[in-house]
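The values are calculated or read from the model by the stated rules, or taken from the named source; none is laboratory data. From a predicted model like this one, the values you see are computed outputs, not experimental measurements. Quick reminder, even Gly has a Cβ in these numbers, built from the backbone with ideal geometry, and neighbours come from all protein chains shown. Calculation scope for accessible area: heavy atoms of the full protein, side chains included, ligands and nucleic acids excluded. Shrake-Rupley method; radii C 1.70, N 1.55, O 1.52, S 1.80 Å.
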Amino acid sequence: MGRRDPEEGPLPAPVKPPDGGWGWIVLFGCFVITGFSYAFPKAVSVYFKELMKDFHVGYSDTAWISSIMLAMLYGTGPVCSIMVNQFGCRPVMLIGGLLASAGMILASFTTNIIELYLTAGVLTGLGMALNFQPSLIMLGTYFDKRRPLANGLAAAGSPVFLSSLSPLGQVLLEKFGWRGGFLIMGGLLLNCCTCGAVMRPLDMGMKRKMDKAQDKYEAKEMLPIGGKSEEGISTTDGTKKAKKAKKKPKKGKKLLDFSIFSNRGFIIYTISKFILVLGLFVPPILLVNYAKDTGVPDTEAAFLLSIIGFIDIFARPACGMVAGLKWVRPHVAYLFSFAMLFNGLTDICSARASNYTGLVIFCVFFGISYGMVGALQFEVLMAIVGSQKFSSAIGLVLLIEAFAVLIGPPSAGRLVDALKNYEVIFYLAGSEVALSALFLAMATYCCLNRGKKKEPPPDKNPSAAGGSDTEEAESDVQEAEEHSSDNHQPAHSTDNTMVAASEEANHVAEEQSGEGGGCPERDGEVLARDSCNADQMVERDRF
């Protein structure tokens with residue numbers, strides 16, 4: 001069913017996600033953007049030693065570059081949501097790509113560490129944030145049935161780019177120095193503009209269909225209608241002008257939709273995600289130093305992170321495929337809880353690993369669980385709020401996660417300095433991740449599922465658990481139809497003729513029932529109902 005407008009006639013139905021076609025190009029762009037957003041702050045650490053020598057600063061001072069990038073990526077979420085809601089995804093991503101590239105290019109000409117904070121940290125971090133969030137929004141727009149698989153494939157960009165950007169940065173450092181490396185890396189970030197250019201909105205296709213439908217309707221209006229075609233057309237034109245004069249201006253779109261906080265599922269997800277981030281990133285940050293303290297050589301200790309990245313590459317798409325199964329997708333929140341619980345138990349069980357073999361086993365299981373979490377985190381959020389409100393939801397979630405990122409890893413580092421014991425840190429981090437898993441599973445079962453049993457949903461669509469964007473589109477269509485049917489007034493003179501005929505029929509029926517000629521009292525009602533059906537048939541012919 002399409003939207004029915006009194007002025008423009010029947011409009012085409014809302015565009016459904018194609019689940020393919022140009023969506024695969026959008027998926028590839030999202031893959032590249034995700035890779036740059038998550039891997040670039042870590043790959044920049046290759047240049048830290050040279051920066052320490054040139055600027056005469058310590059490791060903690062240079063580490064602030066990556067921290068500022070991540071803080072901008074998470075903390076500017078609401079700003080990105082406002083810009084996307086105001087201007088759309090493609091313009092925001094183009095601007096973000098230019099800012100990210102300009103930040104690294106300007107960083108190659110800096111003379112002190114503060115200038116690096118402002119260029120490579122703030123400017124590049126803001127540019128990557130303006131690319132990351134809109135790319136996820138576009139991915140949810142183009143995919144519905146295959147969305148879990150698409151999210152898993154896009155999330156695989158993080159380990160793939162991490163395993164490639166770090167060696168590339170080392171080569172650039174050896175041949176061109178850190179300034180030349182920053183300059184070339186800034187050129188690579190211009191690929192974000194290319195990825196933004198392919199993010200074609202689906203509204204363009206719908207707009208073309210609407211224009212065609214309106215042209216057909218206007219052509220239909222110009223056809224002669226009986227002997228009073230000129231009078232009917234003039235009446236229609238006068239009615240259109242009167243309605244356009246009375247038409248109220250459209251309300252502006254909300255820049256940031258805070259109504260999502262009335263969604264209990266969103267609140268549960270946000271709380272569990274905050275607890276998760278407190279401990280999720282702690283083990284990989286402390287893993288290399290932990291291995292060195294146990295007597296593992298430096299080269300073998302660094303190889304542990306490569307193991308996690310290699311396993312992560314395959315874990316994310318595989319988990320996306322599993323989440324897309326028909327019998328799994330309605331329960332994707334529980335699969336996400338299982339992934340977090342798996343990750344937390346891995347941290348707890350490996351806290352006492354004292355040799356290299358035990359650490360390798362830990363890296364294998366941690367890579368699997370970490371990949372599952374990365375593949376499911378945004379899929380669960382899309383399933384909860386739908387694609388219409390996802391732009392606002394992800395911005396607010398990333399802002400809340402920014403506080404957890406600033407609390408979790410720094411606090412773990414201080415505990416290591418104070419206790420000189422990594423086991424306690426792994427126990428604490430694993431407990432936080434496991435707690436978030438238990439909270440999400442129990443809250444989803446107690447607060448959401450029981451509520452559904454008490455209040456059965458009006459729509460019994462089997463794909464409702466994973467397609468809330470389709471439900472919102474259908475509700476918008478129904479509201480538009482009800483509004484147009486309430487405010488609809490006949491415009492042609494032929495309608496007046498049919499109304500007069502129906503009144504005469506009702507008058508004859510009343511006279512017959514008054515005389516008592518054996519006709520039942522409901523004859524007038526039948527005639528009236530028939531006349532209404534005739535009116536409806538005329539209206540259908542008009543449209």
If you check every pair at least six apart or on different chains, which have Cβ atoms under 8 Å apart with a residue in the stretch 320-331 that is of a type outside the set (D, E) first and a residue that is open to solvent by 70 Å² or more (accessible area, probe 1.4 Å) second? G324/K145; G324/R146
G169, sole failed condition from (1) open to solvent by 10 Å² or more (accessible area, probe 1.4 Å); (2) in contact (Cβ under 8 Å) with a residue 24 or more places away in the chain: (1)
The condition from (1) within 29 Å of the chain's Cα centre (by Cα); (2) at pLDDT below 90; (3) open to solvent by less than 20 Å² (accessible area, probe 1.4 Å) that I285 misses is numbered (3)
Unique residue being open to solvent by 50 Å² or more (accessible area, probe 1.4 Å) and polar (S, T, N, Q) when the list is S350, S337, S354: S354
Filter the stretch 420-450 for residues that are surrounded by fewer than 17 Cβ atoms within 10 Å (Cβ to Cβ) and hydrophobic (A, V, I, L, M, F, W, C) and give the result. V424, L438, M442, C446, C447, L448
Count, please, the residues in the stretch 150-207 that happen to be under 27 Å from the mean Cα position of the chain (by Cα) and either basic (K, R) or assigned by the TED database to the domain that holds D312 (or both). 2
